[in-house]
Amino acid sequence: MVVSLVRGEGRPVGVLALQGDFREHVELIRRLGAAPVEVRLPSELARVQGLVIPGGESTTMSILLETSGLLEPLRARLAAGMPVFGTCAGMILLATEILDGRPDQHHFGVIDISVRRNGFGRQRESFEDDLQVSGLGSALHAVFIRAPVVERAGPGVEVLAQLDGQPVLCRQGPCLVSTFHPELAGDPRLHELFLKNISHPYSQSSLTQRKENVRAF
Ligand code: GLN
């Protein structure tokens, strides 16, 4: 596979490390030449220029965000336009609407999607597939584990890949989300796309829209 890697240029890029498979993200970010920071404390969040929210369990992460004191600082950074990449549970936390969530589950409303937790059901609880992603040449191998289903994507959301007619990779301004785990297949191209948001910040108009979304929560 020929991959043109963006040079991360040693930029500090955070990976939320409260729970879930954060280590694989750290490794990919390192491979791309950025400086990964495991984020467990507000002081660590304050140092980073972008953040990956990994897969895991969104209800547990929601509780840990509160106990770690990260919830409000993270909300503020997201409202200020920090680039973010959420995979699986991370996508759930970034969505405007969670279906089948816990009623007290926190989420940030950074991307205008409605997501049903564990939406593929028991029959297809975990599976792998190859996806065509717009803008990427060859297919991307994707690992789905108790994945959420995007039941609605708002007009401002770009759907970059679909599976069985459902969005599985979406972007809105500097927020990229996937229902699957790109870090488990070891293909760095989506992390590269995310890092591009850090080197080329988004326009003020898309950030104003995000501020409004985040404020609504
Ligand atoms: N179903 C999990 C949740 O609700 C997400 C699964 C995953 O991240 N692999 O958070």
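A short reminder: the numbers here are calculations on the coordinates, not readings from a lab. Note that the coordinates shown come from a computational prediction; the quantities given were computed from them, not determined experimentally. Here the Cβ positions follow ideal geometry from the backbone for every residue, glycine too, while neighbour counts run over all protein chains shown.
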* Asked: Which cross-chain or sequence-distant (5 or more) residues have an amide H under 5 Å from the amide H of Gly33, H modelled 1.01 Å from N in plane?
  -> Gly8
* Structure fact -> The answer for the net charge of residues other than Leu190 whose Cβ lies under 12 angstrom from its Cβ, with Lys and Arg +1 and Asp and Glu -1, is 0
* Modelled FRET efficiency - R0 35 Å, Arg30 with Ser138, Cβ distances, 0.05 increments -> 0.90
* Separation in nanometres of the label points that stand 7 Å from Cα toward Cβ, at Leu41 and Phe127 -> 4.4 nm
* Asked: What does the charge count near Pro42 come to, summing +1 for each Lys or Arg and -1 for each Asp or Glu among other residues with Cβ under 12 Å from its Cβ?
  -> +2
* Antiparallel bridge percentage (DSSP; both residues within the range 61-178; nearest 5) -> 70 percent
* Average projected area [Cα convex hull, the chain], square nanometres -> 10.7 nm²
* **Bridge type composition, the chain - antiparallel percent by DSSP, nearest 5** => 50 percent
* To do: Using DSSP to define loop residues, name the GluC sites (Glu not before Pro) in the range 149-186 whose beta-carbon has at most 16 other beta-carbon atoms within 10 Å.
  => none
* Virtual spin-label span in nm between Val159 and Lys196, 7 Å along Cα→Cβ -> 2.1 nm
* With all pairs of different alpha carbon atoms counted, what Kirkwood hydrodynamic radius in Å does the range 2-71 show? -> 12.4 Å
* To do: Any chance you could check the Cα centroid distance between the range 1-77 and the range 127-141 for me, in angstrom?
  => 24 Å
* Using the Karplus equation 6.51 cos²θ - 1.76 cosθ + 1.60 (θ = phi - 60°), what ³J(HN,Hα) coupling, rounded to whole Hz, does each residue of the range 119-125 give in order, writing x for Gly and Pro? -> x, 7, x, 5, 4, 10, 4
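Using only alpha carbon positions, build the gyration tensor of the range 111-186, then give the equivalent ellipsoid semi-axes as the square roots of 5 times its eigenvalues, largest first, whole angstrom.
So the equivalent ellipsoid measures 18, 16, 10 Å along its semi-axes.
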* Asked: At q = 0.12, 0.21, 0.22 Å⁻¹, what base-10 log of I(q)/I(0) does the Debye formula yield for the range 59-123 when every alpha carbon is treated as an equal point scatterer in vacuo?
  -> -0.30, -0.87, -0.95
